[in-house]
Amino acid sequence: MTEVPFVDLAAAHAEVDRQVRAGFDRVLAKCAFVQGPDVAAFEREYAHFNGAPHAVGLANGTDALELALRALFHTRGTEPGAEVVLPANTFVATAEAVVRAGARPVLVDAEPADLLMDADLAAAAVTPATGAIVPVHLYGRLAPLERLLHLGPPVLEDAAQSQGAARDGRHLTGAIAATSFYPGKNLGAYGDAGAVVTGSAELARTVRLLRDHGSERKYEHEIVGFNSRLDTLQAVVLRAKLRRLEGWNEQRRAAAARYAELLAGIPGVVLPRPAGEEHVWHLYVVRVPRRDEVAARMGELGIGVGIHYPVPVHLQPGFAYLGHGPGDFPVAEAAAERILSLPMFPQITEDQQQRVADALRKALG
């Protein structure tokens, strides 16, 4: 039996149950199932939350990345087959979206301390063929955007793990950002959902066209598009949760600070660096020896853990055509053998975190 779950979605649901049920009743009464008023309301509210003029709701986070890239390419006249620079240490959806948008992934290694995209390697990878740079705000920590924005190609932020993270008071600074509202995210739906956020009216309009068959008016199709609309019921959930997101992120920061105290000094454990208010701790990722053995033992002790991510993109069979092999991205490969994600959710208690710490000590022997 799991004594401490990796994530407790039921605890979050309990906090918004009344608002969600009322919202569902409202949608059902109006039969406003597709592009209903709650979608437009959520888009306004999420744009405001990010300090941006435009947000566009989409069916999922992978579509958000792909449509954001397609919008960048469309508005800039980028030729098919352009290169897109992205980190090897990310979930496969980042690279998958690049391929789906008709571009070629150009992978770069991670920075050893935080496992984010190495900005120096990204700069070295930029060529005249580069159509975009896609840094990933991994684990809730912002990638080094200030070192990427001046390189020339537009920056698409993969913000699926960083909802609410900010630097110098700004949430987003690239040309466009894509996010996922998968249920376990800091802002999670009750199924798949996603969005893009941008300061560009042109990019926002292009994404709106792309998500709805290339159309603003029924049966008039300006460009070839997709069907990737944000479900109205998911918008209801997201509106209810968005009102709590800042508070939930503060609870995550408090939990991360407790972990830092509880886990300090355990031999062999490398803790994540603190990052102040900019970090929203979507995941609390440590590095341990004998990771698979430790993870299995913690499961036996009733602690839910995760691995984000066990196989870097360049070693995935689906991306073998890029021509990479073991040793090409040593930082990402070394991290993949040691990273362990501990339970992290806003409602986690001090007692639960103490159990996690005790189990980790036992698992390490």
May I ask you to verify whether Glu43 is acidic (Asp, Glu) and open to solvent by 50 Å² or more (accessible area, probe 1.4 Å)?
no
So which residues in region 200-221 are open to solvent by 60 Å² or more (accessible area, probe 1.4 Å), on the phi < 0 side of the Ramachandran plot and not in a helix (DSSP H, G or I), if there are any at all?
Glu216, Arg217, Lys218, Glu220, His221
Subset of region 84-117, residues closer than 13 Å to Leu69 by Cα, open to solvent by 30 Å² or more (accessible area, probe 1.4 Å) and not in a helix (DSSP H, G or I), comes to Gly102, Arg104
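Yes/no matrix, rows are residues, columns are (1) out of contact with any strand residue (DSSP E or B) (no Cβ under 8 Å at 6 or more places or on another chain); (2) more than 30 Å from Glu3 (Cβ to Cβ); (3) assigned to a helix (DSSP H, G or I):
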{"site": "Ala320", "(1), (2), (3)": "yes, yes, yes"}
{"site": "Gly325", "(1), (2), (3)": "yes, yes, no"}
{"site": "Val331", "(1), (2), (3)": "no, yes, yes"}
{"site": "Ala334", "(1), (2), (3)": "yes, yes, yes"}
{"site": "Ser341", "(1), (2), (3)": "no, no, no"}
{"site": "Ile348", "(1), (2), (3)": "no, no, no"}
{"site": "Asp351", "(1), (2), (3)": "yes, no, yes"}
{"site": "Ala359", "(1), (2), (3)": "no, no, yes"}
Looking across region 14-36 at residues that are under 26 Å from the mean Cα position of the chain (by Cα) and without any contact (Cβ under 8 Å) to a residue 24 or more places away in the chain, the single one that is least open to solvent (accessible area, probe 1.4 Å) is Asp17
Region 22-56, residues that are part of a helix (DSSP H, G or I) and more than 17 Å from Ala195 (Cβ to Cβ):
Ala22, Gly23, Phe24, Asp25, Arg26, Val27, Leu28, Ala29, Lys30
Single residue of Asp120, Asp63 found to be under 18 Å from Asp212 (Cα atoms), open to solvent by 10 Å² or more (accessible area, probe 1.4 Å), part of a helix (DSSP H, G or I) and acidic (Asp, Glu)
Asp63
Looking only at region 1-13, filter to residues that are open to solvent by 70 Å² or more (accessible area, probe 1.4 Å) and part of a loop (DSSP other than H, G, I, E, B); which one of those is farthest from Val305 (Cα to Cα)?
Met1
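The values are calculated or read from the model by the stated rules, or taken from the named source; none is laboratory data. For clarity, every value in this text was computed on a predicted model and none was experimentally measured. With ideal geometry, Cβ positions are generated from the backbone for all residues, glycine too; neighbour counts draw on all protein chains shown. The area values use the complete protein model at the heavy-atom level, side chains included, leaving out ligands, DNA and RNA. Shrake-Rupley method; radii C 1.70, N 1.55, O 1.52, S 1.80 Å.
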